[in-house]
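Written out below as structure tokens is the structure these notes cover.
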Amino acid sequence: MKAVQIVGLGEPLQLHEVPQPEPGPGEIRIKVQAAGICHSDVHYRDGTADVGFVPITPGHEVAGVVDKLGAGVSSVALGDRVALHYLLTCGQCDYCRRGLEQFCPEARMLGKDVDGGYAEYVVVPARNAVHVADSVGIAAAAIMMCSSATAFHALRRARIRAGDRVAVFGVGGLGMSGLQLTRACGATEVFAVDTDAGKLKVAESYGARPINPADGAVEQQLREATQGRGVDVALECAGLPVTQQQALASLAVHGRLALAGIAGEAFAVDSYATVINREAEIVGVSDHLYGELTTLMEFARGGLLDLDSVITERLALDAAEINRHLDSLAGFHGSTRSVIVFD
């Protein structure tokens, strides 16, 4: 089968012919129909984040059709449309039993520690399959597995409540899902912070008020827009020290900052002015949970989450095109969401 792979850290991805995988007991094989291109894939290609081995097939936002069943599988059937929870865990440790599977000591990530979805077929445990609702597009289901899921987990970690005012910093793929989900979670006012006028225009279509740093200090704009109060929840998706500082400075009393973006540098914290004096909280966000994926699928089924409108580019399994998109993401110039779509 064809697979686009990381062959060396810091090197362009390459298209290879590799053996078609076979499912073992308790596993299923998926004929991939869509695989999202995520900013994390930039980190894996460039060596900013470790991968399990090379060559490895990236791609952790994956959806398709069940093509083959391993022994003992009864939870899915041949031909089922499924999306894949990208964390492969033991299912038996204390963390897994408590619904904290992202901290399983044996956890492996699809597309990072094992071969992922930039390929025609992929094998995963059957318990990682999430059935795709009939009304949900397969490409939308794929990106739901990471960008939407991480945003939803972040909002839950920040204890979003009905009536909260929320600011989303960075409205790429993760942020666009976050904007929609804040409304689904009951936020009364939502702000989108970004330097890209095009993305801010899309954010407005989701009911968010745009905040552009070119118009002045972000925290000042947000305080003026909230009558001096600040926001109850700040969801930081860009992973930049400057936006992390802006998000923290924008919090109201008892505000919560959820850090979902991955930064390569530390950011400074004025502990008294921005944290102690407001009894604010900085909350870390790590991956997401299987149960959140099923909730998101219900949101999408009910029309509360529209991911097809977020996808701006669909491309083939072509190494040159994928590298071009990863290069754009590396410079924070990428389109809102790009998805590899298989014929």
Pairs returned, first residue in region 83-108 that is among the hydroxyl-bearing types (Ser, Thr, Tyr), second residue that is assigned to a loop (DSSP other than H, G, I, E, B), beta-carbon separation under 7 angstrom, 6 or more apart or interchain, are Tyr86/His60; Tyr86/Gly111; Thr89/Cys104; Thr89/Glu106; Thr89/Ala107; Tyr95/Cys104
Can you list the strands (runs of 3 or more DSSP E) found entirely within region 1-80 that contain at least 1 residues being free of Cβ contacts under 8 Å to residues at least 40 places away in the same chain?
-> 14-17, 62-69
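Having 1 or more residues that are more than 30 Å from Gly255 (Cβ to Cβ) is the bar; report the helices (runs of 4 or more DSSP H) wholly within region 89-196 that clear it. Let's see the steps before the verdict.
Values: elements: 94-97, 138-143, 149-157, 173-184.
Of the helices (runs of 4 or more DSSP H) lying wholly inside region 89-196, those with at least 1 residues that are more than 30 Å from Gly255 (Cβ to Cβ) span 94-97, 138-143.
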Inside region 24-70, the number of residues satisfying the requirement of being surrounded by fewer than 17 Cβ atoms within 10 Å (Cβ to Cβ) and either among the basic types (Lys, Arg) or more than 30 Å from Gly10 (Cβ to Cβ) (or both) is 6
Lone qualifier among Ala252, Ala330, Ala266 - being at negative phi, of a type in the set (A, V, I, L, M, F, W, C) and at pLDDT 95 or above | Ala252
In region 177-191, is there at least one residue being exposed (fewer than 14 other Cβ atoms within 10 Å of the Cβ) and either at negative phi or in contact with a Cys (Cβ under 9 Å, 6 or more places away or on another chain) (or both)?
-> yes
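How many of the residues in region 100-138 are within 20 Å of Val73 (Cβ to Cβ) and hydroxyl-bearing (Ser, Thr, Tyr)?
Matching residues across region 100-138 total 1.
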Any idea how many residues of region 273-321 are of a type in the set (Phe, Trp, Tyr) and out of contact with any His (no Cβ under 8 Å at 6 or more places or on another chain)?
-> 1
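Working carefully through the options Pro213, Pro241, find the one that is surrounded by fewer than 16 Cβ atoms within 10 Å (Cβ to Cβ), of a type outside the set (Asp, Glu), without any contact (Cβ under 8 Å) to a residue 40 or more places away in the chain and under 21 Å from Val283 (Cβ atoms). Lay out the reasoning, then the answer.
On the way: Pro213 fails: under 21 Å from Val283 (Cβ atoms).
Checking each option against the conditions leaves just Pro241.
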Failed item, numbered, when Met145 is tested on (1) surrounded by fewer than 24 Cβ atoms within 10 Å (Cβ to Cβ); (2) in contact (Cβ under 8 Å) with a residue 40 or more places away in the chain; (3) farther than 10 Å from Ala260 by Cβ; (4) out of contact with any Cys (no Cβ under 6 Å at 6 or more places or on another chain) | (1)
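The values are calculated or read from the model by the stated rules, or taken from the named source; none is laboratory data. Predicted, not measured: the structure shown is a model, and the values here were computed from it. No Cβ is skipped: glycine too gets one built from the backbone with ideal geometry, and neighbour counts run over all protein chains shown.
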